[in-house]
1. Conditions first: (1) exposed (fewer than 11 other Cβ atoms within 10 Å of the Cβ); (2) assigned to a strand (DSSP E or B); (3) of a type outside the set (Gly, Ala, Ser). PHE81 passes all but one, so which condition is the exception?
2. Suppose we keep only residues that are out of contact with any Leu (no Cβ under 9 Å at 6 or more places or on another chain) and among the basic types (Lys, Arg) within the stretch 1-51. Which one would you say is modelled with the lowest pLDDT?
3. On the basis of being within 30 Å of ASN3 (Cα to Cα), surrounded by 16 or more Cβ atoms within 10 Å (Cβ to Cβ) and out of contact with any Phe, Trp or Tyr (no Cβ under 8 Å at 6 or more places or on another chain), does PHE33 make the cut?
4. Does the stretch 148-167 include one or more residues that are closer than 26 Å to GLU70 by Cβ, touching a helix residue (DSSP H, G or I) at 6+ places or on another chain (Cβ under 8 Å) and either modelled with pLDDT of 90 or more or assigned to a strand (DSSP E or B) (or both)?
5. Among the residues of the stretch 71-105, which ones are touching a helix residue (DSSP H, G or I) at 6+ places or on another chain (Cβ under 6 Å) and either free of Cβ contacts under 8 Å to residues at least 60 places away in the same chain or not assigned by TED's automatic domain parsing to the domain that holds VAL147 (or both)?
6. Is it true that LEU34 is outside the structural domain of GLY139 (by TED's automatic domain parsing) and touching a helix residue (DSSP H, G or I) at 6+ places or on another chain (Cβ under 8 Å)?
7. If you take the residues of the stretch 36-70 that are in contact (Cβ under 8 Å) with a residue 24 or more places away in the chain and not in a helix (DSSP H, G or I), which of them is surrounded by the most Cβ atoms within 10 Å (Cβ to Cβ)?
8. Here is a list: LYS45, LYS67. Which entry is of a type in the set (Lys, Arg) and more than 27 Å from the chain's Cα centre (by Cα)?
Amino acid sequence: MANKVQAILARDISNLGHVGDVVKVAAGYLRNFLLPKRLALPVSKTRIEHFEHQRKLIEHQLAKLKKTSEDVRDRIESESFTIEMKAGEQGKLFGSAGARDIEAVLKARGYNVAHRDIKLADGPLKTIGLHELPVRLEGGVMAKIKVFIAKIEEAPEPVAAETEGEDFADEAEQIEE
């Protein structure tokens, strides 16, 4: 028969609660795990007041962050991003375009998005064409970006047969001497 005690969470803990929540936990769990790792504090009136004040500040900051992220979402969804890669005749890429490639294109345009926030459901992009990808922005805001994978058009290099023959002739003359 474990006694349940109250604690205030100092950090978000999955399956338990968020910062500032007052939770009931087993006394041993609080004493042996939460307190030594500074994940929770014992309940007192002053601590509850302190965490309520902190929660209001955090909620205000999150609201501002969400507003700016929504503005970024509106801008990023109105643009399309192009990545040029070598590809074969059937439209398959030689290699693939991954999250880091997309991150580089986004950063070049001034968007600060980490590669782990770009969701590639089927893995890296391996075909030419338009791909719509979900991107997680700060504040829990999701955006859909349009990434166009284009084939690099390479001009064939002119082969200079005369210069190659002259090089071999010069080398042959040097060997004979």
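The values are calculated or read from the model by the stated rules, or taken from the named source; none is laboratory data. Fair warning: this is a prediction, and the values are worked out from it, not measured in the lab. Positions of Cβ are backbone-derived with ideal geometry, glycine not excepted, and every protein chain shown enters the neighbour counts.
1. So PHE81 meets the others, but not (1).
2. LYS45
3. No; evaluated as a whole, the condition is false for this residue.
4. From the stretch 148-167, those closer than 26 Å to GLU70 by Cβ are 148; that's our starting set.
Okay, now just the ones that are also touching a helix residue (DSSP H, G or I) at 6+ places or on another chain (Cβ under 8 Å), so none.
Scanning the stretch 148-167, I find no residue that is closer than 26 Å to GLU70 by Cβ, touching a helix residue (DSSP H, G or I) at 6+ places or on another chain (Cβ under 8 Å) and either modelled with pLDDT of 90 or more or assigned to a strand (DSSP E or B) (or both), so the answer is no.
5. Scanning the stretch 71-105 gives ALA99, ARG100, GLU103.
6. Working: outside the structural domain of GLY139 (by TED's automatic domain parsing): yes; touching a helix residue (DSSP H, G or I) at 6+ places or on another chain (Cβ under 8 Å): no.
The answer is no for LEU34.
7. The residue in question is ALA40.
8. LYS45
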